[in-house]
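Data first, discussion second: the structure below is written as structure tokens.
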Amino acid sequence: MNSKVTSLGIEGIRGYEVTVECFISNGLPAFEIVGLPDAAVKESKERVRAAIKNSGFKFPVSRIALNLAPAGTKKSGTIYDLPILLGILSANQEVKLPKQRCAFLGELSLEGTLRAVPGVLPMALAARKAGIELLFVPEENAKEASLADGVSVIPVPSVKALVAHLRQETVIAPQKPWQPDAMPENLPDFRDVKGQEYAKRALEIAAAGGHNVLMVGPPGSGKSMLSKRLPSILPDMTREEALEVTQIHSVMGLLSKNSPLVTQRPFRSPHHTVSFAGLAGGGINPHPGEISLAHKGVLFLDELPEFRQEVLEVLRQPLEDQQVTISRVNGTVTYPSEFMLVCAMNPCKCGWYGDPSGRCTCSQASVDHYLGKISGPLLDRIDIIIEVPAVEFEQLRTTAPAEASECVRERVNKARKIQQARFGESRTNAHMEPAQMRECCALSEQSAELMRTAFDAMGLTARSYDRILKVARTIADLDGSADIQPSHVAEAIQYRTYQLGRN
């Protein structure tokens, strides 16, 4: 007796079709699973056996052989419990599968109920692409799966309910496509920050163009406070961007069953003890790291020099390519990592180097050692470097309200719409290609003279030169200017003038 049940697998954040082939034959009782299953898949034998018996069905006392095709691709996780169970019941003529193209996935409990599994959205999108009409998923995953328009999602609470549905005894209603509620965002607001207008302006430019930022200042000057309020001025995510981000969070099992779509841009703030794999991703079965979880959002590194140097260096390639490739013995996967890098640091170990109060106790050698963890190539990939000085007493005691994040966000959204119209896609000024720069960043003679002076005086590299042009383009977009003016170039240059380790 043979049967075939369609399921889905996941590799990185890409879903693919898997066929569960079941063959029941005479012979000594045995239950074998082939097709490169990992330990979790092999253990499904006991879950399936118990679920079949506890659901009131007969488990065949025969030789059972199950193949997960394509057999050359490693299978992992508990998502194959349900299709394996259905393969056995179908081969044993307990149930009949629908005539439409359908796929099944889900983890079984010993009692026969279904538990939620990670990575359902990428698999649902793969099912739509493969032409699958019906997708049977655990009840808790149904809202997430419904985000893949074009596939009818059936929420399955238990094996008994599924069999009753397949026998057309009690029909399970399809899941309605889930839509996010129009709830007001409750994010920290820029109006809470006293003073620091220069830093606020720099962060507004960074948000408008997707630029990387480094803030340097003494303890308590507001660097972390400003960074944590950056999400409140980031532009709204498009539906496509939200789905991209949600797929990554789905693979990591970070989604809420009641609100499965990520609608706010991510803000990830790993501790400085984070490992290489924690930041870039990795593991035996490679999983996304912090730089991928920050996709389309912000990666905030507080106390930058405290991170291990080899960990920081892993950022260099993703900052250029907007993706990270992880190679392991078990395979190679590529994750998207288009994020804004926002860093904060003290100018020295004690934090007061260069402060007019003269309270710094660090020697120059100590300062150089502290800053030496940050390599030149990494600094070269940061568009905006600003000093955040200590806030003065008069600024702290003022009662005048600061500008709210909502007002800043309106300007940022307008600038992003200009970029969207210019590039015809979700690309920002920070990620312009050379051909696009030639077209969009042409300089007048006066602006070119400013750049020439800065290039010679500051010893800029070609990469630094390009980044200044991109920042100038963003400043022009915020001003609603079609051309880059000399004032835009001058402002962009001043965001590269701060020199670490110098008074």
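The values are calculated or read from the model by the stated rules, or taken from the named source; none is laboratory data. Only a predicted model underlies this, so the values are computations on that prediction, with no experimental measurement involved. Every residue, glycine among them, receives a Cβ derived from its backbone with ideal geometry; neighbour counts consider all protein chains shown. Remember, those area values only see protein heavy atoms, side chains included, never the ligands or the DNA or RNA. Shrake-Rupley method; radii C 1.70, N 1.55, O 1.52, S 1.80 Å.
Based on a Kirkwood Rh over C-alpha pairs, give the Stokes-Einstein translational diffusion coefficient of segment 1-89 at 10 °C and viscosity 1.306 mPa s in µm²/s.
121
Tell me the angle of helix 120-129 to the major Cα principal axis of the chain, expressed in degrees between 0 and 90 and rounded to the nearest ten.
Taking Cα atoms only, the helix is inclined about 70 degrees.
Any idea what the dipole of segment 428-472 comes to, in debye rounded to 20, about its Cα centre with Lys/Arg Cβ at +1 and Asp/Glu Cβ at -1?
Computed charge dipole of segment 428-472: roughly 160 debye.
Convex hull over the alpha-carbon atoms of the chain: what's its volume per residue in Å³?
Looking at the chain, the number lands at 169 Å³ per residue.
Provide, for q = 0.10 Å⁻¹, the log10 of I(q)/I(0) from a solvent-free Debye sum over equal Cα point scatterers in segment 17-152.
-0.31
Choose one of Leu162, Met1, Gly12: the residue whose Cα lies farthest towards the positive end of the charge dipole of the chain (beta-carbon charges +1 Lys, Arg; -1 Asp, Glu; about the Cα centre).
Met1
Per-residue ellipticity at 222 nm for the chain, helices alone: DSSP H runs ≥ 4 residues times -39500 (n - 2.57), over residue total, nearest 500 deg cm²/dmol?
So the helix-based figure for the chain works out to -10500 deg cm²/dmol.
Could you tell me how many degrees, from 0 to 90 and to the nearest 10, lie between the Cα long axis of helix 462-479 and the main elongation axis, the longest principal axis, of the Cα atoms of the chain?
Roughly 90 degrees between the two axes.
Considering only protein heavy atoms, what is the solvent-accessible area of Lys75 at a probe of 1.4 Å, reported in Å² to the nearest 10?
0
If I take R0 = 45 Å and measure r between the Cβ atoms of Ser275 and Ala448 in this structure, what FRET efficiency does the formula 1/(1 + (r/R0)^6) give, to the nearest 0.05?
0.50
Can you give the charge dipole size of the chain about its Cα centre, rounded to the nearest 20 debye, using +1 on the beta carbon of Lys and Arg and -1 on the beta carbon of Asp and Glu?
It comes to approximately 1420 debye.
Excluding ligands and nucleic acids, what accessible area in Å² is computed for Ser256 using a 1.4 Å probe, to the nearest 10?
Surface accessible to solvent at Ser256 totals approximately 60 Å².
Indicate, rounded to the nearest 5 percent, the antiparallel portion of the DSSP beta bridges found entirely in the chain.
Of the beta bridges lying entirely in the chain, close to 50 percent run antiparallel.
I'd like to check one number: the per residue accessible area of the chain, probe 1.4 Å, reported in Å² as a whole number.
It amounts to 45 Å² per residue over the chain.
Quick one: with all protein chains in place, what share of the accessible area of the chain is carbon or sulfur, to the nearest percent (1.4 Å probe)?
50
Pick out, in residue order, every one of the GluC sites (Glu not before Pro) in segment 330-415 that is DSSP loop and has at most 13 other C-beta atoms within 10 Å; say none if there are none.
Filter output for segment 330-415: Glu392.
Sequence gap at least 6, Cα distance under 8 Å: using those rules, report the relative contact order of segment 137-289 to the nearest whole percent.
The normalised contact order for segment 137-289 reaches 18 percent.
Order the following by accessible area, largest value first: Cys362, Cys348. Probe radius 1.4 Å; ligands, DNA and RNA are ignored.
Final ranking, largest accessible area leading: Cys362, Cys348.
Please calculate the 1.4 Å probe accessible area of His295, with all protein chains present, and give it to the nearest 10 Å².
The value for His295 is about 10 Å².
Take Lys58 and Ser256, extend 7 Å from each Cα along the Cα→Cβ direction, and tell me the distance between the two endpoints in nm.
In this crude spin-label approximation the distance works out to 4.8 nm.
Taking the simple approach of a point 7 Å from Cα along Cα-to-Cβ for both Val329 and Ala173, what is their distance in nm?
Computed distance between label sites Val329 and Ala173 equals 5.1 nm.
Suppose we keep just the DSSP beta bridges with both residues in segment 271-409; what percent of those would be antiparallel, to 5?
60
Taking the simple approach of a point 7 Å from Cα along Cα-to-Cβ for both Asp456 and Asp192, what is their distance in nm?
With each label placed 7 Å out from Cα toward Cβ, I get 4.8 nm.
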